[in-house]
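Worksheet for the structure shown next.
The values are calculated or read from the model by the stated rules, or taken from the named source; none is laboratory data. Bear in mind that the values here come from a model prediction, so they are computed numbers and not experimental data. Positions of Cβ are generated from backbone atoms using ideal geometry, with glycine treated the same way; all protein chains shown enter the neighbour counts.
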Amino acid sequence: MKISMNWLKEYLPVEHNVEEIANKVSLTGIESAPVELGTDLSGLVVGHIIDVKPHPDSDHLNLCQVEIGEKEPVQIVCGASNVANGQYVIVAKNGANLPAGKVIKSGEIRGQLSNGMICGLDELGVKEKFVPKEFQKGIYVFPAEEQPGADAKELLGLNDTMVDMDITPNRADTLGMRGAAWEIGATYDHKPSFTKPEIAESKVVKNNDVKINIKAKDLVTDYLVRTMSNVTVTESPLWIQRRLWNQDIQPVNNIVDAANYVMIEFGEPIQVYDLDKLTDKEITVEMAAEGHKLELNDGNKKDLSHDDLVITSGGQALGLAGVQKSSVAEVTSDTKNILVESAVFDGTSVRKAAQRHDLRGNVSNRFEKGVDNGAVSESLTRAVQLIDSITNVESISQEIVGVQTKAEPIIIDGKISHINSLMGIELSPEEMLKIIDRLGFTAERNGDEISVSIPTRRWDMTIEADLIEEIIRIFGYDNLKGTLPSGHETRGGYTPIREFINKLTSVLLSEGMDETINFALINKHEVEDFNTIHTNLTRLLHPMTEDHEYLRTSLVPGLIKDIAYNQARGNDNISIFEQGRIFDRKEGTDRPEELEYIAGAVSGNVLEDSWNTTSKTVDFYDVKGIVEEMLMFTNSDAEFEYSATDQIPNLHPGQTANISVDGDVIGYIGKLHPNYQSDHNVADTYVFEINVDKLFELSRKQVQAKSAPKYPSITRDLAILVGKNISSGQIVKDIFENGGDYLIDVNIFDVYQGSNIESGFKSLGYHLIFQNANDTLTDETVEKSFTNIKNSLVSKFNVEVR
Amino acid sequence: MSLNDKLKKLRESGIDDAKRAEHLQELNDLRVNLLGKKGPITQALRGMKDVPKEERPEIGTLANNVKKEIQEAIEARMNDLNKRMVEQKLQEETVDVTLPAQSHELGTKHILNQTVEDIEQFFIGLGYEVAPGYEVEEDHYNFERLNIPKDHPARDMQDTFYLTNELLMRTQTSAQEGRDMEAHDFSKGPLKMISPGVVYRRDDDDATHSHQFHQLEGLVVDKNISMADLKGTLEALCRHVFGAEREIRFRPSFFPFTEPSVEVDVSCFNCGGKGCRICKYTGWIEVLGAGLTHPNVLEMSGIDHTVYSAFAFGLGPERFAMLKYGVTDIRDFYTNDVRFLEQFKGVN
């Protein structure tokens, strides 16, 4: 809400500029920004039109003679259709400045001298929707006689300065000028003073016809009305109009404007109805019934439902309570008698209704966040007094009470020592009481104990913590010296799984892979394409877009997207990984389990063409090497098995392996299927994905240090011819099983199939390394093992040793 | 020619040959030829029998000296030749050090994770545990336990992706507070934790909004925790992250789960507080929200608020990284263009 300094001055001395005030209020209470109106305006005066003649060379321009407080009237050519003789208007004189750098210059318009411009409000920077309707399409006409030549900018309130407060939901007490005055007053140690509204006793009459029936008792705590007879509906005086448009409220007529004015003044929404338009004189506050409609000013009608709290009369909805008045009992120029309402409606009900019907605004905003039930009656009195002062009514009814809740101050009990301890400062009781007084609260002190009485205008305050916030902010956070918690020592650190994850990611980083972070909410295709854990999909209840509809079941789709994005931008060689959660929802449950996964994708060259190297494109074994190194670093004594699979959709059936431990699949490595690659615009790409939770559960090796062997190793080479369908893994496993105690390593150095090799066979070459850590190995020992190995391979796999 | 002269002549020619040798082989040959058993010096000494007896010692000495001198000349030349060979080898092996290296690039940790880890390390040093939370969370922990009952206006501040009426994508890492408080054994000392992670909100993705982003929550529960402790802790954090010269300031704010609540500004690390484009000419940059944990939140976790007090804070790693490195579009963190990712190699 924008707090006008011209208005605030009625309650408080204003001794600083808005920039200073906004800064101080931001630091002690509510985030605020300074606003200075009309800084781009000059040369604006009141003009009195004393003659209007049509322009001789135009069918829509007029020649106006305008008194502007100078010796002679000036001639101004005006094209507005609402210009008329006798009007008091805004004149931008020769040399005047208007918004957007516009400068008014005397000149000729179609051969006629024009000494300035007669202006509309929108031309002075007031948004058109806040300009009174009758002046939206033309010049603005002052509602009463003004002194020609007087400063129009000031009269229009366009010289005002304001503090725009960005009010948090708990500080709705400052959604009115009076509340704001308390806040700014506390900031500067000034108590605001307000005039108590009073009604001329002579006009007050007993109510004898209007009845109020509150049916929805749980949603209405206060409902007060007064009727007023014989009002004259006109436009409001200028001082009301200017305050409204500066509050971004469009002036309508004196009655509606007075109600809005009081809303701004007190923060309490006031409604006015044309009493004569009510079908009967009974007002009911109830839940809407079938067929109730809300008629809006633009002619649209909204169907109301049983969830909507409405004000009705004679079966007709007068308005959606706390949200929007219907146009059926609107106050118009021929209105004579009115009903003025001040009420408190349930915030949640108002909020939901406003949301449901898309009608949030000034009124609902205040009810949603709460209003001061201690000011319901006073704000009603003020509205009635204001209307009477503008339009001298015949009579005013007594207050008619539908329901009223006693407004009582809130008492917060606290201990001075406890308050100080929570703040971390040492205020003396006197200092603390002084701050409490500055806030306009009253306190009683008994030793360390204080009992603070909080007026109803601060309904947000209920507990000691609220009081602490008030005291410390007025004390000033800048005066608070920082300390560190001084309790017991604690041991900080990561959880074991997180330590483990850190280790895995550091291996992948060392392998040259860049870390990525992708979205966990993905589209249906993506989630189905790599559902390798065969889980039930988890879908958002109300997704915003199809792109982010499902919870991911694999990290791979995100990585593929990244590769496509990069390769489309000429970053061809990509090696990336992600560590994150995937979501595994078991049949019959709503809540998916969150599994920690790690996945990588490599595409393009692993070695670049350079002055001393030739490029190499990634292949299955590059990625397998990365995975093996990562698994090595898990320090697990488990045996990781790689077995070919053609069962993972969208992966190459001949270049994919499941990785398992004791038959339990923990992940996979594979090349993307060529069709999938072309569909997703990526070059040859290899991916892997591993369940980190399962890796973490594997038992860890207890490393027992051994000295480096002092005795040399002996190498034997083994070349075999074997059927194509036998995997090297099988061969190596068998070699180890038969290699005896001293076989320490088997390295494959050759894989060949092609010419010179019988079709259906391949040639494999291995280095077999033997070593005895404690003695020199003899050739005999090695030869014995070597023979065993060969014999076994021959008998099991029918190999031919070459 | 006398034996004496013969020896002197041999010396002269031997030394001369050694000095002129260009190859090690020549020197080896020279040694064998000149100094060997069949060499001229040995031969010459055979003529000793013809030398008068009294001159023999002198000749013997001369012969030994000649041998020695020739030997020395050969060795000296050998050293020269060896040295020359090494020099030549070094010459041949000289490389152009300005040619590009054989690259062994390490990968780059994502800048958001670098940012988070930097903050984690800071707090681990202060004795905080790093507690991961759930990305799919119950309404109960995400809202109700944080003093945000159903229909609370504060729920408007963060639009939520629901999975069911009771399950949602967490909108804040504060959701972890309730879980950690109820799991903590206070007889073993205070609770000091941070909880980093991914959160989700119903936002359209644009330069400043992302429907997925990161948060890091901090919570300390102990006897006598105060606003001053919160300020001191955040002061130290901001100095760690943004530089030792930084000051912080608190501004009152509102969060349903803290009271008092504050927003925290850090003095601008770009201009030092004088005012610049980054701090919008205010000298201060808003970096996080914090406060003393609301008594209701403590009580809902079974903690007696008259005995214990707590502070909590929440910060956005995206915001930290954007400020610190001048990232202007939050989407850059999630499109994973490697040119973007790799510029942050080793920054933290």
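Of these, A:GLY43, A:GLY95, which one is closer than 19 Å to A:ASP160 by Cβ, in a strand (DSSP E or B) and small (Gly, Ala, Ser)?
Every option except A:GLY43 fails the conditions.
Which count do you get for residues in the range A:246-287 that are touching a strand residue (DSSP E or B) at 6+ places or on another chain (Cβ under 7 Å), outside any strand (DSSP E or B) and closer than 21 Å to A:LYS2 by Cβ?
So the count comes out to 7.
Just to be sure I understand the filter: pairs with C-beta atoms under 6 Å, separated by 6 or more residues or on different chains, first member in the range B:188-202 and more than 7 Å from chain A (Cβ to nearest Cβ), second member buried (at least 23 other Cβ atoms within 10 Å of the Cβ) and acidic (Asp, Glu). Which pairs pass?
Qualifying pairs under 6 Å: B:SER195/B:GLU217.
Give the number of residues within the range A:393-424 that are out of contact with any helix residue (DSSP H, G or I) (no Cβ under 9 Å at 6 or more places or on another chain) and free of Cβ contacts under 8 Å to residues at least 40 places away in the same chain.
Going through the range A:393-424 one residue at a time, the tally reaches 2.
Out of the range B:243-255, which residues are farther than 23 Å from A:ILE30 by Cα and surrounded by 20 or more Cβ atoms within 10 Å (Cβ to Cβ)?
Selection gives B:ARG246 alone.
Of the residues that sit in the range A:589-633 and are touching a residue at least 40 places away in the same chain (Cβ under 8 Å) and in a loop (DSSP other than H, G, I, E, B), which one is farthest from the chain's Cα centre (by Cα)?
This residue is A:ASP619.
Could you look through the range B:270-279, keep only residues that are touching a strand residue (DSSP E or B) at 6+ places or on another chain (Cβ under 8 Å) and in contact (Cβ under 8 Å) with a residue 24 or more places away in the chain, and pick out the one that is surrounded by the most Cβ atoms within 10 Å (Cβ to Cβ)?
Among residues in the range B:270-279 that are touching a strand residue (DSSP E or B) at 6+ places or on another chain (Cβ under 8 Å) and in contact (Cβ under 8 Å) with a residue 24 or more places away in the chain, the one surrounded by the most Cβ atoms within 10 Å (Cβ to Cβ) is B:GLY273.
Suppose the filter is assigned to a helix (DSSP H, G or I), closer than 30 Å to A:THR483 by Cβ and more than 11 Å from chain A (Cβ to nearest Cβ); does B:PHE313 pass it?
no
Give the residue that is modelled with the lowest pLDDT, with candidates limited to residues of the range A:732-790 that are among the charged types (D, E, K, R), over 21 Å from A:PHE640 (Cβ atoms) and not in a helix (DSSP H, G or I).
A:GLU758
Does the range B:75-99 hold any residues that are part of a loop (DSSP other than H, G, I, E, B) and surrounded by 10 or more Cβ atoms within 10 Å (Cβ to Cβ), and which are they?
The one that is part of a loop (DSSP other than H, G, I, E, B) and surrounded by 10 or more Cβ atoms within 10 Å (Cβ to Cβ): B:LEU99.
Looking at this structure, is A:PHE583 facing chain B (nearest Cβ under 9 Å), buried (at least 18 other Cβ atoms within 10 Å of the Cβ) and aromatic (Phe, Trp, Tyr)?
yes
So which of A:ARG243, A:ARG178 ends up being among the charged types (D, E, K, R), closer than 29 Å to A:ALA465 by Cα and in a helix (DSSP H, G or I)?
Exactly one of A:ARG243, A:ARG178 is among the charged types (D, E, K, R), closer than 29 Å to A:ALA465 by Cα and in a helix (DSSP H, G or I), namely A:ARG178.
Counting only residues that are closer than 12 Å to B:LEU230 by Cα and at the interface with another protein chain (Cβ under 7 Å from one of its Cβ atoms), which one in the range A:481-496 is surrounded by the fewest Cβ atoms within 10 Å (Cβ to Cβ)?
Once the filter is applied, the top-ranked residue is A:LYS481.
For the range B:285-297, name all the residues that are within 10 Å of chain A (Cβ to nearest Cβ) and either touching a His at 6+ places or on another chain (Cβ under 6 Å) or at pLDDT below 95 (or both).
Hits for the range B:285-297 are B:GLU286, B:PRO295.
Answer with yes or no whether B:LEU292 is in a helix (DSSP H, G or I), over 28 Å from the mean Cα position of the chain (by Cα) and more than 23 Å from B:TYR200 (Cα to Cα).
Spelling it out, it is not the case that B:LEU292 is in a helix (DSSP H, G or I), over 28 Å from the mean Cα position of the chain (by Cα) and more than 23 Å from B:TYR200 (Cα to Cα).
Looking for whichever is buried (at least 20 other Cβ atoms within 10 Å of the Cβ), assigned by TED's automatic domain parsing to the domain that holds B:GLY232 and of a type in the set (Ser, Thr, Tyr) here; the options are B:THR258, B:THR282, B:THR335, B:THR306. Which one fits?
Checking each option against the conditions leaves just B:THR258.
A:ASN531 passes all but one of (1) more than 11 Å from chain B (Cβ to nearest Cβ); (2) under 30 Å from the mean Cα position of the chain (by Cα); (3) not acidic (Asp, Glu); which number fails?
(2)
Contact list please: Cβ distance under 6 Å, first residue in the range B:73-100 and more than 14 Å from chain A (Cβ to nearest Cβ), second residue among the aliphatic types (A, V, I, L, M) and in a loop (DSSP other than H, G, I, E, B), pairs at least six apart or on different chains.
Close Cβ pairs (under 6 Å, with a partner that is among the aliphatic types (A, V, I, L, M) and in a loop (DSSP other than H, G, I, E, B)) amount to B:ARG77/B:ALA21.
Take the range A:544-569 and flag every residue that is part of a loop (DSSP other than H, G, I, E, B) and either of a type in the set (S, T, N, Q) or within 12 Å of A:VAL527 (Cα to Cα) (or both).
A:THR545, A:GLU549, A:ARG552, A:THR553, A:SER554, A:LEU555
Looking at A:GLU444, A:GLU430, A:GLU426 in this structure, which one is of a type in the set (D, E, K, R) and in a helix (DSSP H, G or I)?
A:GLU430
Going through A:ARG360, A:ARG382, A:ARG366 one at a time, which residue ends up being under 25 Å from A:GLY176 (Cβ atoms) and either assigned to a loop (DSSP other than H, G, I, E, B) or small (Gly, Ala, Ser) (or both)?
A:ARG360
When the range B:203-227 is examined, which residues are found to be in a strand (DSSP E or B) and either surrounded by fewer than 17 Cβ atoms within 10 Å (Cβ to Cβ) or within 9 Å of chain A (Cβ to nearest Cβ) (or both)?
B:GLN212, B:HIS214, B:VAL220, B:ASP222, listed by residue number.
Here are some residues: A:LEU521, A:LEU555, A:LEU540, A:LEU559. Which one is touching a Gly at 6+ places or on another chain (Cβ under 8 Å) and either within 11 Å of chain B (Cβ to nearest Cβ) or loosely packed, with under 15 Cβ neighbours inside 10 Å (or both)?
Being touching a Gly at 6+ places or on another chain (Cβ under 8 Å) and either within 11 Å of chain B (Cβ to nearest Cβ) or loosely packed, with under 15 Cβ neighbours inside 10 Å (or both) holds for just one of A:LEU521, A:LEU555, A:LEU540, A:LEU559, which is A:LEU559.
Condition (residue is at pLDDT 95 or above, in the same structural domain as A:THR685 (by TED's automatic domain parsing) and closer than 22 Å to B:PRO196 by Cα) applied to the range A:557-574: is it met by at least one residue?
yes
Which pairs turn up if I take residues in the range B:119-142 that are at the interface with chain A (Cβ under 9 Å from one of its Cβ atoms) and on the phi > 0 side of the Ramachandran plot and look for partners that are buried (at least 22 other Cβ atoms within 10 Å of the Cβ) and of a type outside the set (Val, Ile, Thr) with beta carbon separation below 6 Å, at least 6 apart in sequence or on another chain?
B:GLY127/B:LYS192
Looking at the range A:516-541, which of the residues that are assigned to a strand (DSSP E or B) and out of contact with any Leu (no Cβ under 7 Å at 6 or more places or on another chain) is nearest to A:ALA601 (Cα to Cα)?
Going through the qualifying residues, I end up with A:ILE522.
With the checklist (1) of a type in the set (Val, Ile, Thr); (2) over 24 Å from A:GLN579 (Cα atoms); (3) within 11 Å of another protein chain (Cβ to nearest Cβ) in hand, flag the one item B:VAL241 doesn't pass.
Every condition holds for B:VAL241 apart from (3).
Going through the range A:543-552 one residue at a time, which ones are surrounded by 24 or more Cβ atoms within 10 Å (Cβ to Cβ) and facing chain B (nearest Cβ under 9 Å)?
If the condition is that a residue be surrounded by 24 or more Cβ atoms within 10 Å (Cβ to Cβ) and facing chain B (nearest Cβ under 9 Å), then A:LEU551 is the only one that fits.
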